[in-house]
Amino acid sequence: MPDKSWYKDWFNSHYYHLLYQHRDEEEAMAFIKTLIAYLKPPCGCRMLDVACGKGRHSKALADMGFDVTGIDLSEASIAEAKAGEDEHLHFYQHDMRLPFWVNYFDYAFNFFTSFGYFRTRREHDNAIRTIAQSLQHQGLFVIDYLNVHYVEERLQQSFITTIEDVAFHITKWQDEEHFFKQIQITDDSNKTPKHLYTERVAKFSLGDFTDMLSYQNMQVQEVFGDYQLGHYDVHTSPRMIILAKKK
């Protein structure tokens, strides 16, 4: 059984950043620009980037003229992000399950399936509560999550990828409630035994998110199915991007 706090060690690991360094940043930046064009937030408004990682997307938002705060559990990621801080861009190491600033932000974002990692539903509810409480009245929250049904039908089971002489043996599987990804790492330059991590992401449906948000006085406004903000289809959309408003 994967440890309940697998994300703490894995997200702080050098190997995590090595494995995911080639994620499609061009697609990510295009999505953020498309989203901002749709939302039309006023210049200078306050934004919260939840699970911001190293802060690249927070910086992109700040460069667009917004006042951005990024939070992340990873000490290593926040340390790197802080190097880019300025008067309109700030980063804090923070656990999203715990209260943050209250009634402060106009917008909150959780990008690229940076949710669903915790052991219990209560912990996920606590994270949604943190985000909801951080927003001002009628503030908007966007969460970008995988589409469970789409992934269930297309789960690639196992493969090996090599990056900078480090071999990542990746195995994926699922049960009724979670997707799992086991990463076994072989690094010839490191004399220690093989490293092993197991990612776990909850199979949250649109109904699950609607309920979690509703409990925190948030109402779903729109649901999109891809990074071009296309129509959401439960079987064919690769993403589930939810826009909710604080009532």
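The values are calculated or read from the model by the stated rules, or taken from the named source; none is laboratory data. Bear in mind the structure is a predicted one, so any value in this text is a computation, not a measurement. Note that each Cβ is placed from the backbone with ideal geometry, even for glycine, and that neighbours are counted across all protein chains shown. Heads up: the accessible areas ignore ligands, DNA and RNA and are worked out on the full protein's heavy atoms, side chains in. Shrake-Rupley method; radii C 1.70, N 1.55, O 1.52, S 1.80 Å.
Of the residues in the range 18-58, how many are under 30 Å from His195 (Cβ atoms) and outside any strand (DSSP E or B)? Step through it out loud before you land on a result.
Looking only at the range 18-58, we keep the residues that are under 30 Å from His195 (Cβ atoms), and these are 18-28, 49-58.
Within this subset, residues satisfying the condition of being outside any strand (DSSP E or B) are 18-28, 51-58.
Going through the range 18-58 one residue at a time, the tally reaches 19.
Have a look at Tyr145, Tyr150 and point out the one that is closer than 24 Å to Phe31 by Cα, open to solvent by 40 Å² or more (accessible area, probe 1.4 Å) and modelled with pLDDT of 95 or more.
Tyr150
Wholly within the range 179-247, which strands (runs of 3 or more DSSP E) include no fewer than the required count, namely at least 1 residues that are in contact with a Ser or Thr (Cβ under 8 Å, 6 or more places away or on another chain) and over 19 Å from Leu39 (Cα atoms)?
Output list reads 195-202.
Go through Phe168, Phe109 for me and flag whichever is assigned to a strand (DSSP E or B), open to solvent by less than 20 Å² (accessible area, probe 1.4 Å) and in contact with an Asp or Glu (Cβ under 8 Å, 6 or more places away or on another chain).
Details: Phe168 fails: in contact with an Asp or Glu (Cβ under 8 Å, 6 or more places away or on another chain).
Step by step, each of Phe168, Phe109 is checked, and only Phe109 is assigned to a strand (DSSP E or B), open to solvent by less than 20 Å² (accessible area, probe 1.4 Å) and in contact with an Asp or Glu (Cβ under 8 Å, 6 or more places away or on another chain).
Checking Thr120 against (1) touching a residue at least 24 places away in the same chain (Cβ under 8 Å); (2) closer than 25 Å to Ser205 by Cα; (3) open to solvent by less than 70 Å² (accessible area, probe 1.4 Å), which single condition isn't satisfied?
(1)
All but one of (1) modelled with pLDDT under 95; (2) of a type in the set (Lys, Arg); (3) surrounded by fewer than 18 Cβ atoms within 10 Å (Cβ to Cβ) hold for Arg200, so report the exception by its number.
Going through (1) modelled with pLDDT under 95; (2) of a type in the set (Lys, Arg); (3) surrounded by fewer than 18 Cβ atoms within 10 Å (Cβ to Cβ) one by one, Arg200 breaks only (3).
Taking the conditions exactly as written (β-branched (Val, Ile, Thr) and either open to solvent by less than 10 Å² (accessible area, probe 1.4 Å) or within 16 Å of the chain's Cα centre (by Cα) (or both)), does Ile36 satisfy them or not?
No, not satisfied.
Exactly one condition in (1) open to solvent by less than 60 Å² (accessible area, probe 1.4 Å); (2) part of a loop (DSSP other than H, G, I, E, B); (3) modelled with pLDDT of 95 or more is false for Leu61; which is it?
Single failed check for Leu61: (2).
Test Leu155 against the stated conditions and say whether it is in contact with a strand residue (DSSP E or B) (Cβ under 8 Å, 6 or more places away or on another chain), surrounded by fewer than 17 Cβ atoms within 10 Å (Cβ to Cβ) and of a type in the set (A, V, I, L, M).
Criteria met by Leu155.
Restricting to the range 73-82, and then to whatever is over 18 Å from Arg46 (Cβ atoms) and without any contact (Cβ under 8 Å) to a residue 60 or more places away in the chain, can you tell me which residue is surrounded by the fewest Cβ atoms within 10 Å (Cβ to Cβ)?
Applying the filter and picking the extreme gives Ala79.
For the range 83-105, check the following and say yes or no: at least one residue is open to solvent by 30 Å² or more (accessible area, probe 1.4 Å) and in contact (Cβ under 8 Å) with a residue 60 or more places away in the chain.
Within the range 83-105, not a single residue is open to solvent by 30 Å² or more (accessible area, probe 1.4 Å) and in contact (Cβ under 8 Å) with a residue 60 or more places away in the chain.
Going through the range 197-231 one residue at a time, which ones are more than 27 Å from Arg122 (Cα to Cα) and either touching a helix residue (DSSP H, G or I) at 6+ places or on another chain (Cβ under 8 Å) or among the hydrophobic types (A, V, I, L, M, F, W, C) (or both)?
Tyr227, Gln228, Leu229
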